[in-house]
């Protein structure tokens with residue numbers, strides 16, 4: 001396949017994603033139909049046969065399309081056909097899913113889920129799709145289970161972006177179920193040298209009344225005799241001469 005045919009094939013795939021089924025690729029368009037160029041590139045590169053696609057390929061297909069299919073604005077892209085997207089509040093499924101980065105997991109357990117640079121928190125109906133989206137930020141994301149229906153009954157507003165993805169402004173931590181923090185962020189083992197140093201830094205035990213503790217770090221009570229120097233021998237000889 002020539003380079004030109006590859007660009008045309010990529011352009012058709014981009015049109016399908018942006019115009020028809022962004023949810024199949026884990027994407028959410030904003031109310032103007034735009035999505036991040038980087039997110040589009042990541043979503044397409046995840047597909048079989050498209051792992052070679054880079055950001056430069058996306059922009060080339062967008063700018064060289066004969067039908068002027070796309071509109072690029074700053075770091076975002078949308079299909080050129082006019083669309084008005086409105087996300088209306090809706091009742092969500094009982095359970096939704098979210099894939100997050102390891103380093104943000106402790107924050108989520110304390111304060112809940114926030115958009116983190118996006119307009120909404122993205123939640124999916126399927127765990128595998130949540131993990132696919134999460135891998136765009138972490139190669140091994142943490143899968144969270146969201147008790148969406150219970151949250152909705154307690155006043156949390158959800159929006160249906162498409163059949164596979166729901167949105168929310170914020171999810172409190174009380175509706176989030178995830179693995180134990182010890183499994184996600186296990187404590188790092190200290191090297192043997194560092195463990196010995198920490199052991200040496202431990203304070204001495206306090207002596208109790210009526211007990212005697214041996215302090216092995218103290219200087220010995222009896223020092224070894226020093227070797228006699230030439231001065232010592234000279235003094236001894238002078239003492240002997242006086243006695244004679």
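Filtering region 73-84 to residues that are surrounded by 15 or more Cβ atoms within 10 Å (Cβ to Cβ) and either part of a loop (DSSP other than H, G, I, E, B) or on the phi > 0 side of the Ramachandran plot (or both) leaves only 80. Answer yes or no: is there a residue in region 140-149 that is out of contact with any strand residue (DSSP E or B) (no Cβ under 6 Å at 6 or more places or on another chain), at pLDDT 95 or above and under 17 Å from residue 114 (Cβ atoms). There is no residue in region 140-149 that is out of contact with any strand residue (DSSP E or B) (no Cβ under 6 Å at 6 or more places or on another chain), at pLDDT 95 or above and under 17 Å from residue 114 (Cβ atoms).
Scanning region 106-117 for residues that are touching a strand residue (DSSP E or B) at 6+ places or on another chain (Cβ under 9 Å) and at negative phi, we see that the one that is surrounded by the most Cβ atoms within 10 Å (Cβ to Cβ) is 113.
If you check 51, 56, 65 for being in contact with a helix residue (DSSP H, G or I) (Cβ under 6 Å, 6 or more places away or on another chain) and free of Cβ contacts under 8 Å to residues at least 12 places away in the same chain, only one passes: 51. Inside region 18-37, residues that are at pLDDT below 95, part of a helix (DSSP H, G or I) and surrounded by fewer than 21 Cβ atoms within 10 Å (Cβ to Cβ) make up a count of 3.
Out of 7, 17, one residue alone is outside the structural domain of residue 164 (by TED's automatic domain parsing), without any contact (Cβ under 8 Å) to a residue 40 or more places away in the chain and touching a helix residue (DSSP H, G or I) at 6+ places or on another chain (Cβ under 6 Å). It is 17.
The values are calculated or read from the model by the stated rules, or taken from the named source; none is laboratory data. Since the structure is predicted, the reported quantities are computational estimates derived from the model, not experimental observations. Positions of Cβ are backbone-derived with ideal geometry, glycine not excepted, and every protein chain shown enters the neighbour counts.
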